[in-house]
Amino acid sequence: MIYFDNSATTFVSDAVKAKINELMEDQLSANPGALHKLGNRAVELYEGIRKETAGLLGAKPEEIFFTSCATESANTAIKGYMSRNKRAGNAVISTRTEHKATLECLEYLTKLGYEIRYVKVGLDGKPVMESLEEELGKGDVALACFTLVNNETGAVLPFADIAKKIKALSPSTVIYLDCVQALGKMQIDLASMGADLCSFSGHKIHSVKGNGVLYVRNGVRIDPLIVGGGQQDGMRSGTQSPVLAGAFLEALKEVSSGIDEAREEVTLINNYLRKELAARGAQILSPDDALPYVLNVSFRGFESETMLHCLEIYDIYVSTVSACSAKQKKVSYVLLEMGVDRKTAANAVRLSFSRHNTMDEAYEFIRHVDDIYEQFLIK
Ligand code: PLP
């Protein structure tokens with residue numbers, strides 16, 4: 001099997017499986033809110049996990065909250081900030097290439113009467129700076145929402161430039177940053193980065209599904225999305241799960257080491273595939289400076305879904321558009337927004353890698369693409 005669908009989700013690593021087993025011990029399974037000594041042990045364990053997670057992300061423990069997924073983190077950050085800070089402004093700035101987790105929150109805000117101003121995006125997948133300046137210049141911007149690495153193309157946001165521009169033109173604007181596809185692939189230091197609210201997802205870094213993280217910079221106030229027993233400082237009610245938090249931490253530990261070496265290896269795979277696929281008439285839609293973990297390719301003569309199923313015959317797994325919308329048979333809104341024409345976008349397939357993919361898999365992939373062209377292309 002060749003699994004090139006790691007931006008959709010990743011396989012659970014052996015270390016995470018072992019950690020989950022360890023944390024499932026009866027002695028560790030008490031409610032962290034319980035007053036007895038088993039509860040004390042559970043809360044100690046949980047807070048220890050929080051502290052270590054914060055350390056690896058360059059944050060303070062009190063800035064880290066465990067959620068069920070990045071979608072929940074995004075909902076809490078975006079809706080929670082706007083709900084708590086009604087006087088901060090009536091406008092939100094973003095792009096139309098965000099993940100649906102963000103776009104649907106913005107749609108919700110529209111219904112509440114907020115104005116969403118979308119910054120234009122270029123063929124390189126990056127927000128156009130003049131457009132950002134123009135939208136900021138209109139004033140009244142409470143929140144700016146961006147994604148560090150686009151899940152469909154791997155386009156990397158020039159975040160330092162963007163944060164600088166926002167701070168210069170609209171200093172009170174708070175920044176939400178989706179870091180889901182960047183985690184474990186780029187160095188992330190929340191203390192120095194300049195984002196106020198960030199989301200992360202466990203299942204994209206070889207943890208299980210059901211765990212995410214929300215970062216809320218000290219001093220930023222947001223309303224919780226989930227209310228109840230007041231767990232996690234009232235930010236996210238519901239009995240805490242040391243198992244899920246511990247799984248996230250274990251995965252984070254693994255992907256936090258050797259980031260540069262892993263990236264070099266994945267770059268070799270990406271470069272090889274770019275070259276070989278282009279030689280076969282495919283169009284590379286990921287920008288040249290994209291993170292190498294994602295390669296968006298438009299195949300000559302094959303619609304996205306047809307190519308996906310042809311590859312599946314050879315036990316090769318890829319995506320069409322982002323997994324959440326893959327069943328709706330839609331052309332990627334991200335590619336269209338970047339200015340890719342509909343016909344090219346209709347043939348786009350996303351290959352996405354993890355540090356565990358190999359060059360041998362890349363060679364085999366190309367061999368099977370040749371088989372597919374030979375067998376299935378209608379000439
Ligand atoms: N943001 C990005 C960029 C993603 O790729 C995804 C998942 O596809 C999400 C957010 C949502 O993550 P989760 O599945 O943890 O809710």
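The values are calculated or read from the model by the stated rules, or taken from the named source; none is laboratory data. Please read these numbers as outputs of a predicted model, since none were measured by experiment. With ideal geometry, Cβ positions are generated from the backbone for all residues, glycine too; neighbour counts draw on all protein chains shown. Just the protein is used for accessible areas: all its heavy atoms, side chains included, with ligands, DNA and RNA removed. Shrake-Rupley method; radii C 1.70, N 1.55, O 1.52, S 1.80 Å.
Summary table below
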| item | result |
| --- | --- |
| Folded to 0 to 90 degrees: helix 242-256 orientation relative to the chain principal axis, Cα | 50 degrees |
| Principal axes of segment 234-379: Cα extent on each, largest first, Å | 61, 33, 30 |
| Alpha-carbon Debye profile of segment 1-110, log10 I(q)/I(0) at 0.12, 0.20 Å⁻¹ | -0.69, -1.17 |
| Accessible carbon and sulfur surface of the chain relative to its total accessible area, %, 1.4 Å | 51 percent |
| Contour excess over end-to-end distance, with Cα ends at D161 and H309 and 0.36 nm allotted per residue | 49.2 nm |
| Cα long-axis angle, helix 70-84 against the chain (0 to 90 degrees, to the nearest 10) | 50 degrees |
| Descending principal axes extents, segment 157-261, alpha-carbon based, whole Å | 43, 41, 17 |
| Alpha-carbon Debye profile of segment 103-212, log10 I(q)/I(0) at 0.12, 0.14 Å⁻¹ | -0.45, -0.61 |
| Geometric extent, Cα atoms of segment 228-290 - Rg, Dmax (angstrom) | 20.5, 59 |
| Test item: Cα-centred dipole of the chain, Lys/Arg +1 and Asp/Glu -1 on Cβ, debye | 1100 debye |
| Ratio of Rg to Rh over segment 14-256 (Cα coordinates, Kirkwood Rh, two decimals) | 0.99 |
| Neighbourhood net charge (10 Å Cβ-Cβ; Lys/Arg +1, Asp/Glu -1) for F4 | -1 |
| Helix 100-111 axis, angle to the chain major axis (alpha carbon atoms, nearest 10°) | 60 degrees |
